[in-house]
Amino acid sequence: MDEALLRSLIPDVLGVLVRRGADFAAAEDAVQDALVEAVRTWPDDPPRDPKGWLVTVAWRRFLDATRADAARRRREDLLDEEPAPVPAPAADDTLQLYFLCAHPSLTPSSAVALTLRAVGGLTTRQIARAYLVPEATMAQRISRAKRTVSGVRFERPGDVATVLRVLYLVFNEGYSGDVDLAAEAVRLTRRLATEFDHPEVAGLLALMLLHHARRAARTAPDGALVPLAEQDRTRWDTASIAEGIEILQAALVRDRLGEYQAQAAIAALHADAPTAAETDWVQIVEWYDELAALTGSPIVRLNRAVAVGEADGPRAGLAALAAVDDTLPRHTAVAAYLHERDGDLPTAARLYAEAAGKASNLAERDHLTRQAARLNQRPR
Amino acid sequence: MAKYLLLKHYRGAPASVNDTPMDQWTPEEISAHVQYMDDFAKRLEQTGEYVDSQALSPEGTFVRYDGEGRPPVTDGPFAETKDLIAGWMIIDVDGYERAVELAGELSAAPGAGGRPIHEWLELRPFYGVPATITE
């Protein structure tokens, strides 16, 4: 039984049912029933057309459930509408499912959960473990999300940005529990890219691939963060980098720049440098300028200050930093780094310690504390 | 998708507005208070924001390593002076504003006279996971 295959079929099957007019929540239940049936019968009696089999069984389950309801008229309507047995083209159905699961009426956490469940085919338990919440909590989150989008008409909303935002959130969560969310996000974005020809979808996929490529080098065996400049570049996944760059270049020539393409361009410049010292910081600053123009984000300006510090020296970086909102979470950490580069070690040590107190995760806190300790080291 | 700890204190937080000690409430007022807390937790389960909650006994002991081969030193309890945690609830919400909103609701649990206690709850963010894209 190929569970990966089974999982990859879920969005297609679900998409077909919803397109045929099934309510989203009921369709999802019917697909889950069909999957259980598949796991039971396929090992002895594998179907020639797995997707067709699942569609047929799920649709039958959906009709049975609908019949069991009192809504007879609705059932009759559905029977009237029952389409030809050949499934509609899958790509379009799956694509619409992405949009539905990322619908703007959902909160970010609900959209993420529903996407992982309906498009990713993960179990509620897997998603709950990945986000470290009780299974009952995640089940409620998903069923509320299903109810929220149940009334939504199943047509393609124009806004791909919401879908990309959800996939980006999944990717950024990294991984915990038994599901690798970053890998899952790459898989879902890759699939979206095959079905939806859009430069920003390609941009996000490239961005994920480029970051994912560095994953093995990002943490030491004890879990400590390894800064980009100190990473062992031989541990970067060169195939993934090459693929990311190729996808990015194809997207850039279409001349419809967006924030994910610009971020991917920055990641590509890092990935391309044979050593940290050979990084093309001047070009990176230019891309940050593009990114700042596209997003107006203060976090982008903060990161830009780091790049300016590398391209034009720490004084220039500090000048750029002075124009950035100093309440941003990582502002102090950036200031510490630039002061250290500038040779003002006492100030840098003080700021590293202060930044550690503001860190939002343990790995970052420990890293910043070590930086402060390194500069404060007592002579022995 | 951010976890927060809501801390209730026996002692150590600023005084509640409706600051009558619980042993001077009527039994009905105590029941109403407990019911409110249960309902609050159930409501969060329904919204998919509930993670965990526990109540803690006021009895606590300080424990310290006392050197190789010796049993740990214990001291206390210091019930009269130290900050005492009465219990906690962990929530998983979309952001800080929502966490503050929920903490405010929990602080409105009824106390003496059936009026809200207006107690101070400590709201502490959990450390998250390092974002994949930050370096």
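The values are calculated or read from the model by the stated rules, or taken from the named source; none is laboratory data. Owing to the predicted nature of the structure, the values given are computational and were not obtained by experimental measurement. Glycine gets a Cβ as well: all are built from the backbone with ideal geometry, and neighbour counts include every protein chain shown. Areas reflect the complete protein model, heavy atoms only, side chains present, ligands, DNA and RNA absent. Shrake-Rupley method; radii C 1.70, N 1.55, O 1.52, S 1.80 Å.
So the values come out like this:
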item	result
Charge dipole of chain B about the Cα centre (unit charges at C-beta), most positive-ward option of B:130, B:46, B:104	B:130
For segment B:1-15, residues shielded by at least 10 square angstrom of accessible area compared with the chain on its own, probe 1.4 Å	B:1, B:3
Charge tally in the Cβ shell below 14 Å around residue B:95, where Lys, Arg are +1 and Asp, Glu are -1, residue B:95 excluded	-3
Inter-label distance for residue A:92 and residue A:242, nm, one decimal - labels placed 7 Å from Cα along Cα-to-Cβ	3.7
Residues losing 10 Å² or more accessible surface upon assembly, segment B:88-135, compared with the chain by itself, 1.4 Å	B:92, B:94, B:127, B:128, B:129, B:130, B:131, B:132, B:133, B:134, B:135
Per residue, in Å², the accessible surface of the protein assembly as shown once ligands and nucleic acids are set aside, probe 1.4 Å	51
Descending Cα extents along the principal axes, segment A:163-248, whole Å	40, 29, 17
Computed over chain B, the ratio Rg/Rh where both radii use C-alpha atoms and Rh is Kirkwood	1.06
Rule-of-thumb Rg ratio for segment A:304-380 [Cα; 2.2 N^0.38 Å; N residues]	1.07
Area buried, chain B against chain A - accessible surface, total, 1.4 angstrom probe, square angstrom	2500
Debye log10 I(q)/I(0) for segment A:229-380, one point scatterer per Cα, at q = 0.12, 0.17, 0.21 Å⁻¹	-0.59, -1.09, -1.37
Normalised contact order of chain A, rounded percent, pairs of Cα under 8 Å and 6 or more residues apart	10
Cα pair distances exceeding 14 angstrom across segment A:239-280, given as percent	48
Coarse-grained scattering of segment A:136-289 at q = 0.10, 0.17, 0.20 Å⁻¹, given as base-10 log I(q)/I(0) from a Debye sum over alpha-carbon atoms	-0.42, -1.05, -1.31
Electrostatic dipole magnitude of segment A:256-340 [Cβ: Lys, Arg +1; Asp, Glu -1; Cα centre; debye, to 20]	220
Cα long-axis angle, helix A:238-252 against chain A (0 to 90 degrees, to the nearest 10)	80
Net charge, residue B:39 excluded, C-beta distance under 11 Å - Lys, Arg +1, Asp, Glu -1	-1
Unit charges at the beta carbon, dipole of the protein assembly as shown: most positive-side option, B:9, A:151, B:67	B:67
Charge dipole (debye, nearest 20) of segment A:226-367; +1 at Cβ of Lys and Arg, -1 at Cβ of Asp and Glu	340
Charge dipole (debye, nearest 20) of the protein assembly as shown; +1 at Cβ of Lys and Arg, -1 at Cβ of Asp and Glu	160
Subset of A:358/B:8; B:3/B:42; A:146/B:8 violating a 27 Å alpha-carbon distance limit	A:146/B:8
Charge context of residue A:109, other residues only, Cβ under 9 angstrom, K/R +1, D/E -1	-2
GNM result for chain A, Cα springs below 10 Å: residue of A:104, A:314, A:47 fluctuating most strongly	A:47
Between helix A:3-19 and chain A: long-axis angle, C-alpha atoms, 0 to 90°, nearest 10	60
Rg/Rh ratio calculated on Cα atoms of segment A:201-264 (Kirkwood radius)	1.07
Percent breakdown of C-alpha pair distances by 5 Å bin, ordered from the shortest bin, for segment A:264-319	5, 21, 29, 26, 15, 4, 0
Three semi-axes of the equivalent ellipsoid, segment B:14-66, Cα gyration tensor, whole Å, largest first	26, 22, 11
Rounded, prolate or oblate (a/c below 1.5 giving rounded, otherwise prolate when a/b exceeds b/c) for the protein assembly as shown by Cα gyration tensor	oblate
Carbon + sulfur, % of accessible area of chain B - ligands and nucleic acids excluded, 1.4 Å	56
Complex-versus-alone comparison for segment A:202-222, residues with a loss of 10 Å² or more in accessible area, probe 1.4 Å	A:211, A:214, A:218
Average Cα contact separation per residue, chain B, under 8 Å, 6 or more apart, as relative contact order %	47
Accessible surface of segment A:233-354, 1.4 Å probe, proportion on carbon and sulfur as whole %	53
